[in-house]
Amino acid sequence: MLVGKNITLRLININDLDFLFSVENNINNFQFSDNPKFYSKEELLDFINNSSNDITIYNQLRFVIEYKKNQIGFIDLFDYDSINKKAGVGIIIDEEFQNKNYGSESLDILIKYSFKELDLLSLYANIDPSNFKSISLFEKHGFLNKEKLLYILKKWD
């Protein structure tokens, strides 16, 4: 569990199934997804059951973002590359909790965890150019636009 000032990041578990189902199947989120599709509860249950706290097994970690013990979103590390010491970052915050700095705090916690605990050297995010909120969030945390859809953050010394 990763604890911040207002939010907590914890690994996904079976109790998150309904929330995961609602977020993954929210059509409003499809416009910013690399893989927009509807998921069944069985598919999502399989995902949860096969999730691990060891990023080296499935090359990803999904954290639930909690505010006052309520699920408000997810933040992921994906495409973990142990050789080049890099990973992708994805984040989604429930609409009700957006623009309250929870995404920023979550990203800050994940960046520190990635560089200090996982010893990664860089993080990247694939962001659609029309997703101005995400672009602003990632740029606020030092990510630089390197290509049309790619933002990169390198480890500081």
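The values are calculated or read from the model by the stated rules, or taken from the named source; none is laboratory data. Worth saying up front: this structure is predicted, and the values here are computed from it rather than measured. Every residue, glycine as well, gets a Cβ built from its backbone with ideal geometry; the counts of neighbours run over all protein chains shown. Accessible surface is based on the protein model in full, side chains and every heavy atom, while ligands, DNA and RNA are left aside. Shrake-Rupley method; radii C 1.70, N 1.55, O 1.52, S 1.80 Å.
Here are the numbers for the structure shown:
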read-out: Separation in nanometres of the label points that stand 7 Å from Cα toward Cβ, at Lys68 and Met1; value: 1.8
read-out: Protection proxy ranking of 110-117, 92-99, 52-59 - average other beta-carbon atoms within 10 Å, highest first; value: 110-117, 92-99, 52-59
read-out: Residue-averaged 222 nm ellipticity for the chain, from DSSP H runs of 4+ at -39500 (n - 2.57), nearest 500; value: -8000 deg cm²/dmol
read-out: Per residue value of the accessible surface for the chain (all protein chains in place, 1.4 Å probe), Å²; value: 59
read-out: Pairwise FRET efficiency - Asn131 versus Tyr58, Cβ, R0 = 22 Å, nearest 0.05; value: 0.30
read-out: Label-point separation in nm, Asn28 to Leu11, each point 7 Å along Cα→Cβ; value: 3.2
read-out: Pairwise FRET efficiency - Lys100 versus Leu144, Cβ, R0 = 35 Å, nearest 0.05; value: 0.85
read-out: Whole-percent carbon and sulfur share, accessible surface of the chain, 1.4 Å; value: 48
read-out: Dipole-positive endmost among Asn28, Val3, Ile72 within segment 1-91 (Cβ charges, Cα centre); value: Val3
read-out: Long pairs among Lys85/Lys116; Lys86/Lys146; Lys5/Lys133, criterion Cα-Cα beyond 18 Å; value: Lys5/Lys133
